Structures are given as structure tokens and as C-alpha cells.
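Let me begin by presenting the structure, written as C-alpha cells, before commenting on it.
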Amino acid sequence: MIITFIGHSRLFSKDDLKEKIVESVSRIATKDEKITFYCGGYGDFDRIALTSCHYIKSKYKNVEIVYVTPYLTKPHQEKINVLIGERVYDSIIYPPIESVPPKLAIIKRNEWMIDKSEIIISFVEHSYGGAYRSFKYAKKRDKKIINLANF
């Protein structure tokens, strides 16, 4: 099972969000099932999701945490090297978006993550911005979405 996270880069209501993510995963996955988390690595929600993934990995047998990078630039490669060295992620994927202009790379990366996932765990509480755009894209693709916000 592949799970992708979608959420705002700035959150104002973070209370119990880690617990809600962990609870959501425990409701949809068994401890023996292979779970792959696709993470974007930007902003408040992504940081909380990553922390939740590490916690889940400590409790479940077969979990992989994947950073899906939108860029292959030299500064981004340096960031990736740090992430690998610190073992923040188990693996790193660059989706087939090399022909996309840099200003659209995150949008196309998010769409690729959504397309590859069975489940989306989100925290989208307003109807503007990149997280909302990704949320709408996931709905259009008929993905199972668990939105942890009161939206």
C-alpha cells in the first residue's frame, strides 16, 4: 500500500495531528502489510507526517519512507545527500518530470505521488494554495482521501 501526504506548508492548528495520522494508518493497514509512505519534505504538515512515519515504522514490520524529490539541481542534490546520510528517508525517488519547468516541478511531483498512491492522508483546511490544488487533483482521480482537517 502506498500512502501520500498532502497538507499546508503552514499550519495553525497542529494539536494531535501526529496522533491522528498514526490512528488513520492503524485503521487502514495491518502490521504485516507493506506500507510505503511518499513524503514531499516541505512545510509544517510534511514535517509532522515524517515524524508520524518514523513512529509507525518503529511499530510496524514492513514500512518504507520515501522522499519524492521535485528537483535534481546541485543545491537539491546536496540536501538529498544530507537526508541520505542522516537516514531520514529509506529511499529517494525522482519522478519522470525532467521536462517540467522548475516552477511547476512541485505540482507535477505531487500529481505523480497521488497517481501512484492508493490512499491520501491530508490536512487541507482552506480552499487555496498548493495543498488544496493537490487535494482537488486527488478527488478528481477518485483516490481514497482521509482529510484530518475540518474542511
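The values are calculated or read from the model by the stated rules, or taken from the named source; none is laboratory data. Please read these numbers as outputs of a predicted model, since none were measured by experiment. So basically every Cβ, Gly included, is an ideal-geometry build from the backbone, and we count neighbours across all protein chains shown. Calculation scope for accessible area: heavy atoms of the full protein, side chains included, ligands and nucleic acids excluded. Shrake-Rupley method; radii C 1.70, N 1.55, O 1.52, S 1.80 Å.
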Hull surface over four for the Cα convex hull of the range 1-51, reported in nm², is 3.5
Rounded to whole angstrom, the alpha-carbon centroid of the range 22-38 lies from that of the range 43-57 at a distance of 13
Expected field for Thr30, accessible surface area in Å² at 1.4 Å probe radius, rounded to 10, holds 80
Rg from C-alpha atoms of the chain, normalised by the globular rule of thumb 2.2 N^0.38 Å, equals 0.99
Per principal axis, largest first, the Cα atoms of the range 63-111 extend in Å by 29, 25, 13
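If exposed means no more than 14 neighbouring beta carbons inside 10 Å and the site is in a DSSP loop, what's the longest run of the chain without any exposed trypsin sites (Lys or Arg not before Pro)? Intermediate values should be presented prior to the final figure.
Numbers: sites that count: Arg10, Lys14, Lys31, Lys34, Lys61, Arg87, Arg141.
Looking at the chain, 88-140 is the longest stretch - no exposed trypsin sites (Lys or Arg not before Pro) with at most 14 other Cβ atoms within 10 Å.
Can you give me the accessible area per residue for the chain, using a 1.4 Å probe, in Å²?
55
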For the range 68-151, the percent of accessible surface on carbon and sulfur atoms (probe 1.4 angstrom, ligands and nucleic acids excluded) is 52
Cα-Cα longer than 18 Å, checked against Lys34/Lys61; Lys34/Lys57; Lys59/Lys144; Lys18/Lys116; Lys57/Lys116; Lys20/Lys61, kept in input order, equals Lys59/Lys144; Lys18/Lys116; Lys57/Lys116; Lys20/Lys61
